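Student: Can you keep this structure in mind? I'll have questions shortly.
Every read-out reported here was derived from the displayed coordinates using simple, explicitly stated rules and does not represent laboratory data. Since the structure is predicted, the reported quantities are computational estimates derived from the model, not experimental observations. Because the Cβ atoms are built from the backbone with ideal geometry, glycine has one as well, and the counts that use them run over all protein chains shown.
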Amino acid sequence: MPVQYAKGVGPGRAELLARLGIHITRDLLYFFPRVYEDFSAPKSIDQLVEGEAASVVGEVEEIDLVNTGVGKSMLGVLIRQRSQYLRALWFNQPYLRGKFENGQRVVFSGQAKQNGLRWEMVHPKIDWLAPDQAEPRGQIVPVYPLTEGISQAIMRRITRMAIEHYAPLVDDVFPAVYLAEHQLLPICQAIGAIHYPENQAAITAAQRRFIYQELLVLQLALALRKAALLAGRQAPKLEATARIDARIKRLFPFELTADQLHAMAEIAADMNRDAPMNRLLQGDVGSGKTVVAIYAMLLAVAHGHQAVLMTPTEVLAQQHARTLNERLHESRVRIGLMTGSLPNKQRDILRAQIAAGEIDLVIGTQALLYGETQFARLGLVVIDEQHKFGVAQRAMLKQTSFDPHYLVMTATPIPRTVSMTLFGDLDISTLRDVPPGRQPVHTYFSTDAQRDKWWEFYRKRLLEGRQGYVVAPLVDESEELELASVQQLFESLSHGELADFRLDFLHGRMTSGEKDFVMQSFRSGRTQVLIATPVIEVGVDIANATLMTIEGGERFGLAQLHQLRGRVSRGTYPGYVCVFGNPTTEAAQQRLEAFTKTADGFELAELDFGLRGPGDLFGTRQHGLPPLRVANLQRDRELLEEARRDAQALIGPDPTLSQPAFARLRRMAVVRYGAALELSDVG
Ligand code: ADP
Ligand code: MG
C-alpha cells in the first residue's frame, strides 16, 4: 500500500517521506531509528555525556526569571543531585515560573550540554515527583533520520501508528520452529522493539534478529549459488596416488613447507572427487603458491588431462613458463605458452595442438585463453594473482565433455569475514608460513628531506652487486600520463642520483616483446635499476633485486604497496623499501604507517579492512554485491559465522531450498542477490 494511505500520512507527507526512501507502508516499518534517546533510567549527573539525551532527577534549588527584552524572557531552574548541579533553561515561557518551587523533586529529560563546568538542558521535558515517589521509568525514544518538513515528533507519530496497524500483518520469513531454535524474535515483535524498545536488551534482541536475517539471506544466496554451480557438474576424478605424489614432489629442489604440504593435500582431496574443485589458495607474496599450483597441474597431467595456468600479465606468463620448463625439462610434459606476442600463425598452431591434446600444460594470459581456445581434455584451471575478481566473474573456459577443477591464487590475503561472504562459495587453502631462509624486508616511509640519504644507501647496495626497482606514482587517468611519469623519473635519475648505473624502464604502453626484452635484461643483471609503473606488482621473481623506491606512496592502496614490497623479499639478501609520499588524508597517513609497521600480509589485510571500515564493505560494489543494510561484517562476525553454518545446514540436504516453509527466505535471497550471483530461477 502506498505510504500516502497510511494512517497520519496523506499526500503531502508522502512526498516528503519519499525523499527518505519511504514509498510504501512497509517501508515505514523498516525505516529504523538512527539512534535512541534513553530516558528509561535516570542518570546521575556525573554520568552525563555531552550532546546525549538523558533523564536527571534532582531537587529544585534556585529559580530565576529574567527579562531579556520586550516580550522576551529566560527562565533558569537549578536542580541539585547530591553535590552536583544541573540547570534547565526555557526561553520565552515565563508562565513556567509558577510551576516550580524550591525543594521540589523533578525529572528533567533532554539533551545534556556542558556550559563551562555546569551541565545544562534547554527546554527539557519536565516530570514533577511527589516527595516519596519512586524515580520514574521513562521511555527509550527512537531518533530517525529526517528530511525538511518532517520533525522528529511527526516521524515518531507516523511510525508509531504504522507499527500499531501494520506490523501485525507482516508475515515472518522464518517458520516459528526456526525462530525458537535460533532464539530470534518474531518479526512483529522485532519491528516493535527496534522502534519502541522497552529497554536496551530489547534493542539488542531486535537488532540481532534483523542482522541475522540479512546475513542468512546473503549466506543462503551464496550457498544456493554454490549448489547450482555444482549441480550436474562432472569433473574428472584425479587421484594423487602415492606414486604420483612422490614423483611430483621429487621435482622440487627444496623441502616443502608444512603449509604447502597441507594445501597440496587439500587440493588432492578435492581433485579426487568427481565434482569440480573450486578452491582459493591464498598466501603472502613469496609464500610459494606457484609450487602448489605446479603440484596440482602435474596431478592432472599424470592422469592424461590438460592443465592451464592463466596470468593477468604477459610478463608473469613468461616467468611461469620459464619456471615450468626448468622444473620439467627432463619429463615428457609438453608445455605451451600462449601470449599476445606470439605471431597469429603460431597462435593458431598452438590452439590446434591444444585442441588435439598434444599439449599438456598451457600457460597464458587470461585475455587469450578465455573464449577462443578449445581444450581436448582439460582437467584443471589455475588462475594466478587474482585479486580483483568477484563472485560473478569467474568465467568458465570452453571445454568438451566435463568440467575442469578450479584453483585460484591470490597474494592479497582476505580477512575471514570477507572470505566467508565475497568468496562464500570457495574453499580456501592458506599458506601462512614462508619458506625458510627468507631475509626480512626493511620498510621506511620518508620525507623529501631524507632523499639524499636514501639514494646514497641505494647506490651503496648497487655497488655491492644488488639490483633495484623504482616505482613511479600510480596514474589512473591514462597510460600516456603514466608513460610520461616513468620517462621523467628515468631522465632525472639517469642524470642525477643514479647517473653511474645502468637504468632501464618498463611501462604499460610497451609491446610484450619490448617488455620481455627489458625483463630479460634486468634478470640477467645487465640492467641494474628498473624504473617501472606498478606493472611489476604482479608476481615478478628476481632474487637479486633487493631495493625499491616507491614514489607517490599516498596514491597506492595498502594491498598494492604490500604486493610491490613482495618484489624485494625473494632472495637471500635482506630487502629495503623506501616510500616517498605526501599523504594529505588521515586515511593515507594511516595506510603508510601500517605499511611500515608490519610486513605480514595477513595482518595488513585485517588492518586495511579496519581502516576502510564497514562503509567500504570489502568493496561490494566493485564486486557486484548489493551493500548490506543493517549488518556490519566486522562488528557482526559471530552472527556471520552462525548464519553461514545455518545456511549450509539448510542447503546441504536441500540444494535448491525447496521446502515450502523456507519459500519466503529463498525468494528473498533470489530477489536480493539473484542478479549479482546469477541465481537465474525465481522461485
Ligand atoms: P608466490 O606465492 O609469491 O607465488 P612463488 O611460488 O613464486 O611465490 O615462490 C617464491 C620463491 O620461493 C620461488 O623462487 C620459489 O622457488 C621459492 N620457494 C617456494 N617454496 C619454497 C620452499 N618450500 N623452500 C624454498 N624455496 C621455496
Ligand atoms: Mg606468484
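Student: Sort 218-230, 338-350 for me by packing, meaning the mean count of neighbouring Cβ atoms within 10 Å per residue, highest on top.
Tutor: Working: 218-230: 22.5, 338-350: 14.7.
Answer by packing, highest mean first, reads 218-230, 338-350.
Student: Can you tell me the Rg and the Dmax, both Å, for the Cα atoms in the chain?
Tutor: Looking at the chain, its Cα Rg and Dmax stand at 32.7, 103 Å.
Student: So which trypsin sites (Lys or Arg not before Pro) in the range 1-59 are both in a DSSP loop and have at most 15 other Cβ atoms within 10 Å of their Cβ?
Tutor: Numbers: sites: LYS7, ARG13, ARG19, ARG26, ARG34, LYS43; in loops: LYS7, ARG19, ARG34.
Counting only loop positions with at most 15 other Cβ atoms within 10 Å, the trypsin sites (Lys or Arg not before Pro) in the range 1-59 are LYS7, ARG19, ARG34.
Student: Can you compute the FRET efficiency between ALA376 and LYS249 using 1/(1 + (r/R0)^6), with r the Cβ-Cβ distance and R0 = 22 Å? Round to the nearest 0.05.
Tutor: 0.20
Student: Going by how many other beta carbons lie within 10 Å of each one, how would you line up TYR30, TYR144, TYR212, fewest first?
Tutor: So the residues, fewest neighbours to most, are TYR30, TYR144, TYR212.
Student: While we're looking at this one, here's another question. Taking a ≥ b ≥ c as the square roots of the Cα gyration tensor eigenvalues, with a/c under 1.5 meaning rounded and otherwise prolate when a/b beats b/c, else oblate, which class fits the range 7-81?
Tutor: oblate
Student: If you build the convex hull over the alpha carbons only and average its shadow over all orientations, what do you get for the range 131-243? Give it in nm² to one decimal.
Tutor: It is 16.0 nm².
Student: In debye, nearest 20: dipole of the range 41-138 around its Cα centre with unit charges on the Cβ of K, R (+) and D, E (-)?
Tutor: It comes to approximately 200 debye.
Student: Looking only at the chain, where both bridge partners belong to it, what percent of the DSSP beta bridges are antiparallel (to the nearest 5)? Could the numbers behind the result be given before it?
Tutor: Values: 37 of 93 bridges.
That works out to approximately 40 percent antiparallel.
Student: Sequence gap at least 6, Cα distance under 8 Å: using those rules, report the relative contact order of the chain to the nearest whole percent.
Tutor: Contact order relative to length: 13 percent.
Student: Still on this structure: Could you sort the peptides 498-508, 559-569, 240-250 by per-residue average Cβ neighbour count (10 Å cutoff), highest mean leading?
Tutor: So the peptides 498-508, 559-569, 240-250, ranked by packing, come out 559-569, 498-508, 240-250.
Student: Let me ask something additional. Need one word for the range 441-598: rounded, prolate or oblate. Basis is the Cα gyration tensor (sqrt eigenvalues a ≥ b ≥ c); a/c below 1.5 gives rounded, then a/b vs b/c decides.
Tutor: rounded
Student: Translational diffusion coefficient of the range 208-296 at 10 °C, 1.306 mPa s, Stokes-Einstein with Kirkwood Rh over Cα pairs, in µm²/s as a whole number.
Tutor: Translational D for this selection: 102 µm²/s.
Student: Can you list the residues of the range 317-348 with backbone N under 19 Å from a point 7 Å past the Cα of GLU358, pointing along Cα to Cβ?
Tutor: The answer is 332-339, 342-348.
Student: So, one more: What does the highest-first list of 671-677, 295-301, 440-446 look like by mean Cβ count within 10 Å?
Tutor: So the peptides 671-677, 295-301, 440-446, ranked by packing, come out 295-301, 671-677, 440-446.
Student: Can you compute the modelled spin-label distance between ALA201 and ALA543, with each label point 7 Å from Cα toward Cβ, in nm?
Tutor: Result for the modelled spin labels: 6.5 nm.
Student: In angstroms, what radius of gyration and Dmax does the range 41-138 have, counting Cα atoms only?
Tutor: In order Rg, Dmax, the Cα atoms of the range 41-138 give 13.0, 41 Å.
Student: What's the lysine pair count for the range 242-431 at a Cα cut-off below 27 Å, pairs eight or more apart or interchain? It would help to have the intermediate numbers written out before the result.
Tutor: Working: LYS249/LYS289; LYS289/LYS388; LYS289/LYS398; LYS345/LYS398; LYS388/LYS398.
Counting lysine pairs in the range 242-431 gives 5.
Student: Along the positive direction of the dipole of the range 1-89 (beta-carbon charges: Lys, Arg +1; Asp, Glu -1; about the Cα centre), which of MET74, LEU20, ILE63 reaches farthest?
Tutor: My answer, from the dipole projection, is LEU20.
Student: So for the range 441-598, averaging the separation of alpha carbon pairs under 8 Å that are six or more residues apart and normalising by length, what relative contact order in percent results?
Tutor: Details: 261 pairs, mean separation 52.2, N = 158.
Relative contact order here is 33 percent.
Student: Another question about this same structure. With a 10 Å Cβ neighbour count serving as the proxy for reagent exposure, in which order, fewest first, do THR546, THR290 appear?
Tutor: Details: THR546 28, THR290 21.
Result, fewest neighbours first: THR290, THR546.
Student: Now a separate question. Taking only complete DSSP H runs, can you tell me which helices of the chain stretch 15 Å or more along their own long axis by Cα positions and average at least 0.0 on the Kyte-Doolittle scale?
Tutor: What comes out of the filter, once short or polar helices are dropped, is 200-230, 258-271, 289-302, 663-677.
Student: Rank LEU503, PRO436, ILE542 by how far each Cα sits towards the positive end of the charge dipole of the range 428-553 (+1 on Lys, Arg Cβ; -1 on Asp, Glu Cβ) and give me just the farthest.
Tutor: PRO436
Student: State the Cα centre-to-centre distance between the range 450-492 and the range 307-330 in whole Å.
Tutor: Cα centroid to Cα centroid, the span is 28 Å.
Student: Quote to one decimal, in nm, the extra length available between LYS453 and LYS99 on full extension: 0.36 nm per residue of separation minus the C-alpha distance between them.
Tutor: Details: separation 354, 0.36 × 354 = 127.44 nm, distance 7.61 nm.
Here the segment from LYS453 to LYS99 would lengthen by 119.8 nm.
Student: Can you find, among VAL568, GLN318, GLN488, the residue sitting farthest towards the positive end of the charge dipole of the chain, where Lys and Arg contribute +1 and Asp and Glu -1 at Cβ?
Tutor: GLN318
Student: List MET271, MET420 from most exposed to least, where exposure is judged by having the fewest other Cβ atoms within 10 Å.
Tutor: Lowest to highest Cβ neighbour count: MET420, MET271.
Student: So, with +1 on the Cβ of K and R and -1 on the Cβ of D and E, and no other charges, what is the size of the charge dipole of the chain about its Cα centre, to the nearest 20 debye?
Tutor: Rounded to the nearest 20 debye, it is 780 debye.
Student: Over the range 24-70, what relative contact order in percent results from Cα pairs under 8 Å that are six or more residues apart?
Tutor: 29
Student: Do the sum for the chain: with -39,500 (n - 2.57) for every DSSP H run of n ≥ 4, divided by all residues, what is the mean residue ellipticity at 222 nm, to the nearest 500 deg cm²/dmol?
Tutor: Mean residue ellipticity at 222 nm (helix-derived): -12000 deg cm²/dmol.
Student: What FRET efficiency do you get for GLU61 and ASN92 if R0 is 22 Å and r is their Cβ-Cβ distance, rounded to the nearest 0.05?
Tutor: Values: r = 23 Å, r/R0 = 1.05.
It comes to 0.45.
Student: Using a simple charge model, +1 on the beta-carbon of Lys and Arg, -1 on the beta-carbon of Asp and Glu, nothing else, what dipole does the range 242-431 show about its Cα centre, in debye to the nearest 20? Could the numbers behind the result be given before it?
Tutor: Details: 19 positive and 19 negative charges, 71 e Å.
Taking the Cα centre of the range 242-431 as origin, the dipole is about 340 debye.
Student: Stretch ALA130-ASP516 to full length: gain in nm at 0.36 nm per residue minus the Cα-Cα span?
Tutor: Result: 130.0 nm gained on full extension.
Student: Among DSSP bridges having both ends in the range 81-187, what percentage is antiparallel? Round to the nearest 5.
Tutor: Around 70 percent antiparallel, to the nearest 5.
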